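Each value in this text was obtained by applying a stated rule to the coordinates, not by laboratory testing. Remember, predicted model here, so these are calculated numbers, not experimental data. As a convention, Cβ positions derive from the backbone with ideal geometry for all residues, glycine included, and neighbour counts pool all protein chains shown.
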Amino acid sequence: MSAIDQLLASGVRGLQPYQPGKPAEALERELGITNIIKLASNENPHGPSPVVAAAITDVLSGLSRYPDGSGYSLKQALSERLGVGKSQITLGNGSNDVLDLVTRAFVDPGQQVVVAEHAFAVYSLSAKSVNAQLIVVPARDFGHDLDAMAAAVTPSTRVVFVANPNNPTGTYQDSASVEEFLEVLPTTVVTVVDEAYFEYVKDRNYPDGVELLPRFPNLIVVRTFSKAYGLAGLRVGYAMASDQITEALNRVRHPFNVNSLALVAAEAALNDESFVVECVYENQRGLKQLESGFAELDLEWIPSVANFICVRVGANATKIFDSMLRQGVIVRPVANYGLTEHLRISVGLDQENRRALHALKIALRERVST
Ligand SMILES: *Cc1c(COP(=O)(O)O)cnc(C)c1O
């Protein structure tokens, strides 16, 4: 152990940093190739709504001022749109920030945080950073097993994270199972339902967490502007919960955690509803396009309701990933999620999906012939 290692907080000692998708610029530098497509971080391939650029330009001259630390105007807009009180909304520098606020507000070192196998990595990172005891509940058909998660709760459990839908699997929990889950949990537990992909899901049985808030005072629903709203680069997410939970989250929130450009961009994006409708429609098309491509290649996939999909490429997943990289297509290996035979592909534009499928086909062929 190095001298610095000994100084580290115990929760941080064994921590591995979150591994983001490879940026296209990094691959360009490494391989000296251009025309790279990135389908690795579930970003909106259509970019942000065009109204966002105009809204941001309008506030550039005010950048010498601190942002509105209360996010009044964006909260007002969210409140009207979603039917929750402004006092129920916490804004974050991306929803990752909000997830961290929950852990810091509610979890003491040694207390338990329950997550599902294959669940979004930020939950465990956040829990471990405060030296919580992480309980990982085995998945069922790649998705969360909510019965088993409820059974894993003990008097020492403070937070349960449910990704609905989950990243990287794209699986979701239906209304009945989420409601039943919330009903059986003791009042000593705070439940986070992370709906980062909410806007994309069109299945009738998919629950809207906001509708459950009045019935479940320990529920926190988390959403983001990073996905369907196309603002991943600006970092805006938010939590909705009871007034008391929201007040607690605000105690640990950094005073100006959402910057001025992000605040106006999010509000403008929220008001351009037709843009999101269009993106969601295109995403459904893209998912089908990828699925039929996988079927042609005789590959299995995990059915997804989000803007990405995990395809099973076999034990050579790393090599397939590398081959696709060399062909200029960045997808996401998911071995760190316990999915050693899958790759996650974000839904791109029609052309990008086609290129990804072509690169995958070539990669599989190379594998067969070597
Ligand atoms: C992408 C994603 C988020 C969003 O993170 P931001 O910090 O808002 O960009 C949150 N949860 C899950 C499950 C995600 O996949």
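Data for the structure
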item	result
The chain: C-alpha pair distances exceeding 36 Å, %	23
Which listed pairs, of K86/K227; K128/K288; K22/K86; K22/K361; K227/K319, have C-alpha distances above 31 Å, in listed order	K128/K288; K22/K86
Simple spin-label estimate for R81 and E183 in nanometres, 7 Å along Cα-Cβ	3.2
Paramagnetic reach from D68 in the range 98-114 [backbone N under 20 Å; point 7 Å along Cα→Cβ]	none
Listed residues H144, H254, H46, most fluctuating in the chain (Gaussian network, C-alpha, under 10 Å)	H254
Full-stretch length increase - Q16, R354 - with 0.36 nm per residue and alpha-carbon distance subtracted	118.3 nm
Value of relative contact order over the chain, rounded to a whole percent, pairs C-alpha under 8 Å and six or more apart	23
Fraction of the pair-distance distribution of the range 304-370 above 16 Å, Cα-Cα pairs, percent	41
Separation between Cα centres of the range 261-288 and the range 191-228, rounded to whole Å	17
K319-L134 FRET efficiency (beta carbon distance; Förster radius 35 Å; 0.05 resolution)	0.70
Euclidean distance of C-alpha centroids, the range 65-119 and the range 318-370, integer Å	34
Dipole magnitude of the range 50-271 about its Cα centre (Cβ charges: Lys, Arg +1; Asp, Glu -1), debye to nearest 20	640
For the chain, built as a Gaussian network whose Cα springs stay under 10 Å, the top-fluctuating residue of N218, N316, N283	N316
Computed over the range 74-230, Cα set: Rg, Dmax in Å	14.6, 40
Approximate spin-label separation N271-L8, in nm, with each point projected 7 Å along Cα-to-Cβ	4.6
Mean ellipticity per residue at 222 nm, deg cm²/dmol - from DSSP H runs of n ≥ 4 across the chain, formula -39500 (n - 2.57)	-12500 deg cm²/dmol
Net +/- balance of residues flanking N205 in space, Cβ distance below 14 Å, scoring K and R +1, D and E -1	-4
Neighbour net charge for E183 - beta-carbon separation under 14 angstrom, K R +1, D E -1	-2
GNM top mover of Q111, Q19, Q173 - the chain, alpha-carbon springs below 10 Å	Q19
In nm, spacing of pseudo-spin labels at N35 and N250 (7 Å Cα→C-beta vector)	5.3
Trypsin sites (Lys or Arg not before Pro) restricted to DSSP loop in the range 1-44 with at most 15 other C-beta within 10 Å	none
In Å, descending, principal axis extents of the Cα set of the range 9-63	45, 38, 20
